[in-house]
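To start, the structure itself, in structure tokens.
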Amino acid sequence: MTIEQLAFYVISATALLSALLVVSLKNFVRSIFLFFLTLFSMAGLFVFALADFVAVTQLVIYVGGVLVLMIFAFLLSNRELLNNPEASEQSGFLHYLPGITVSVVFLGVLLMVLLKLDPGEFQWIQQSKENTLKPTDNTIHYLGINIMTRYLLPFEVVSVLLLMALIGAAHLARKEKEQ
Amino acid sequence: MVLLNFAAAILALDFYVTYILVALALFSFVAVFALFAVYAERKVSAFIQDRLGPMEVGKYGSLQTLADILKMLQKEFIVPAAADKILFAAAPVIIFLSVYMGFATLPWGPDIVPSALNIGVFYVFAIVSVESVGILMAGWGSNNKYSLLGALRSVAQVVSYEIPAGIAIISAVMISQTLDLQEIAIKQGVLSSESVKFLGFWNVKEIGGFLSWNVFQAPHLIIAYVIYFIASLAECNRAPFDIPEAESELVSGFHTEYSGMRFAFIFLGEYSMMFLTAMFGVVLFLGGWNTVLPNIGDLHLADWTTGPFWGIFWIVSKVFLIVGVQMWLRWTLPRLKVDQLMSLCWKILTPLAFFCMLISGIWQLVIM
């Protein structure tokens, strides 16, 4: 086993275990901080998929943005509410049953797809055999060119959506006029 | 065959050992820097306030910070009874690591760079933003109202100031046309493979020196650098942007409850952050490891003063200069209020940064 493989398995295990703990921990604040670990190891997995730009973007958007916002929401809420969540009163097997059922069924679907799938049979996979990335390749040039040509319309639509969200947020944060 | 495999394994190990050695070297550099920066900070503040500063330990107090760190190493870990113990212990590690990881892509000289990533600029920008998670962790974990308020203030400030800083960085990247920090540094000196134009018209590729730095290649980057510098002060939580630690209001902000080695790690994180932001700015705007001296006629000063050791010398002295300015500002300017802080960020720095980005675009199209 090479060091790369070892690192891959360590990172994957961290991602899986921390994600499991995020949903099962009773302490909300700890689980939200653990979510940081999940997102961070996801970024590590993106690096192994040679998607370095996506990995760094994951850090900027999820860790630097979304996660910080979520923590802010937690920290500004009532501490007593966090320590004694109402949900913990009705614990027991029945309470967890729907969640467990859904996840087991989903795991079954994933396993079935994995077992039945023969990656070699698809034409597009066979065609792309020679067309692979190397770790030293500069991916941002391809990304930039593709965003500005092939995916220009979605890109612009997303930017208009973000602008709308910005204007909405600014409007909500404004002082109301005194009547 | 087995022997061959073994030899290959040793070679591969060797390969990784260099990585570990480089990381250790960077860590020890950062630690030593922090020690002496604390000493320098105390001496600078003393000079500005017409005092003597530390004078007892060693000649002119030069061993004062060594004595301080020895004291901190011996102290017991004090954890407040009501604190969240895991978060409280993890926070200093995250704060320091996020800054320390940023050093991975910063170039120190021609061919001296720990890891030349294609997206180095973006990587540094991203990894540094992880620090705010550590600060929030410290603020919550301490279970102290001053810590929590300090953490909230700190993160609100860091997140806001990331915007003008990011846009100022983009305007420099638009001139350099690459996100690889080492390539950005190469393009600002005599080693560049393309033409380097002083103010956009005079090709100074053979002359080098300060004439080929980014701020002199495109003069509007001087404004961008000033914006970046102000924002970097805010990201380091240093005066005049130190409301997260405002001593007169919040005791000392998010690290009120910390003591001993954990406090030392937070402090180490802060001083490495100063070095990191200064070095990042130097690479992007002020020529990185390139020499200050230009070639004048037969006097090839730039060629003589370009090399691995010269590179380290130049970048370290430039960064020390910038860190010195950071200290000077801290002991000169009063603290900004929250509303002044936010209006400076959103009403002055952000529009100016966008303006710089616009000029960079036009510059790229029309002049280069």
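In what sequence do A:His141, B:His255 fall when counting other Cβ within 10 Å, fewest first?
Working: A:His141 11, B:His255 27.
So the residues, fewest neighbours to most, are A:His141, B:His255.
Per residue of A:61-74, what is the mean number of Cβ atoms on other protein chains within 10 angstrom of that residue's Cβ?
On the way: counts 2, 0, 7, 12, 3, 0, 4, 10, 2, 0, 9, 6, 0, 2.
Average neighbour count from other chains, rounded to a whole number: 4.
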Considering the zone a paramagnetic label at A:Leu162 would reach in this model (a point 7 Å from Cα along the Cα-to-Cβ line), which residues of the stretch B:331-368 have amide N under 17 Å from it? B:350-351, B:353-355, B:357-358
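Would you calculate, for the protein assembly as shown, the mean residue ellipticity at 222 nm contributed by helices, counting each DSSP H stretch of 4 or more residues as -39,500 (n - 2.57) and dividing by all residues, to the nearest 500?
Values: 24 runs with 357 residues, N = 547.
About -21500 deg cm²/dmol.
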Efficiency of FRET between A:Leu45 and B:Leu358 - r from beta-carbon atoms, R0 41 angstrom, step 0.05: 0.65
What's the exposure ranking of A:Leu114, A:Leu59, B:Leu329, going from fewest to most Cβ atoms within 10 Å? A:Leu114, B:Leu329, A:Leu59
Using unit Cβ charges (K, R positive; D, E negative) and no other charged atoms, how large, in debye to the nearest 20, is the dipole of the protein assembly as shown about its Cα centre? 740 debye
Subset of A:Lys26/B:Lys75; A:Lys175/B:Lys337; B:Lys197/B:Lys318; B:Lys205/B:Lys318; B:Lys43/B:Lys337 violating a 31 Å alpha-carbon distance limit: A:Lys26/B:Lys75
Among A:Ser128, A:Tyr62, A:Ala165 the positive-end extreme of the charge dipole of chain A (Cβ point charges): A:Ala165
Listing A:Lys134, B:Lys145 from the residue with the fewest other Cβ atoms within 10 Å to the one with the most, what is the order? A:Lys134, B:Lys145
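Say a site is exposed when it is one of the chymotrypsin sites (Phe, Trp or Tyr not before Pro), sits in a DSSP loop, and has at most 14 other Cβ atoms within 10 Å; what is then the longest site-free stretch of chain B?
Details: sites that count: B:Phe77, B:Phe201, B:Trp331.
Answer - B:202-330.
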Testing the spin-label approximation: label points 7 Å from Cα along Cα→Cβ at B:Ser193 and A:Leu153. State their distance in nm. 3.9 nm
Exposed-site-free run, longest, chain A (rule: trypsin sites (Lys or Arg not before Pro); DSSP loop; at most 14 other C-beta within 10 Å): A:27-128
At 7 Å along Cα-to-Cβ for each site, give me the label-to-label distance between B:Lys145 and B:Leu97 in nm. 3.3 nm
If chain A were replaced by its equivalent ellipsoid, with semi-axes equal to the square roots of 5 times the Cα gyration tensor eigenvalues, what would those be, largest first, whole Å? 35, 29, 18
Provide, as a two-decimal number, the C-alpha radius of gyration of the stretch A:96-179 over 2.2 N^0.38 Å, N being how many residues it has. 1.96
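Dipole magnitude of the stretch B:237-368 about its Cα centre, charges +1 at Lys/Arg Cβ and -1 at Asp/Glu Cβ only, in debye to the nearest 20? Please list the in-between numbers first.
On the way: 7 positive and 9 negative charges, 31 e Å.
Using only the charged Cβ atoms, the result is roughly 160 debye.
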Restricting to lysines and to Cα separations under 18 Å from B:Lys145, and discarding same-chain partners fewer than 8 apart, the set is B:Lys85
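Could you work out the mean projected area of the convex hull around the alpha carbons of the stretch B:76-366, in square nanometres to one decimal? Walk me through the intermediate numbers first.
Details: hull surface 62.1 nm².
So the Cα hull casts an average projection of 15.5 nm².
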Please give the residues of the stretch A:5-42, grouped as numeric ranges, whose backbone N is less than 17 Å from a label point set 7 Å along the Cα-to-Cβ vector of A:Leu107. A:13-25
What spacing in nm lies between the two simple spin-label points modelled at B:Phe320 and A:Glu121, each 7 Å away from Cα in the Cβ direction? 6.9 nm
Rg/Rh (Cα only; Kirkwood hydrodynamic radius) as it applies to the stretch A:1-84: 1.07
Where in the stretch A:13-53 does the label zone of A:Ile145 land, with the point 7 angstrom along Cα→C-beta and an amide N cut-off under 20 Å? A:50-53
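Relative to the compact globular guide of 2.2 N^0.38 Å, what is the alpha carbon radius of gyration of the protein assembly as shown, as a ratio?
Numbers: Rg = 25.7 Å, N = 547, 2.2 N^0.38 = 24.1 Å.
Working it through for the protein assembly as shown, the quotient is 1.07.
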Using 1/(1 + (r/R0)^6) with R0 = 60 angstrom and r between the beta carbons of A:Thr2 and B:Ser343, what's the FRET efficiency to the nearest 0.05? 0.65
Given the C-alpha centroids of the stretch B:19-79 and the stretch B:135-184, what is the distance between them in whole angstrom? 25 Å
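Every number in this text was worked out from the coordinates using simple rules, so none of it is lab data. Here the structure is a predicted model, which means the values were calculated and not measured. Heads up, the Cβs are rebuilt from the backbone with ideal geometry, glycines too, and the neighbour counts pull from every protein chain shown.
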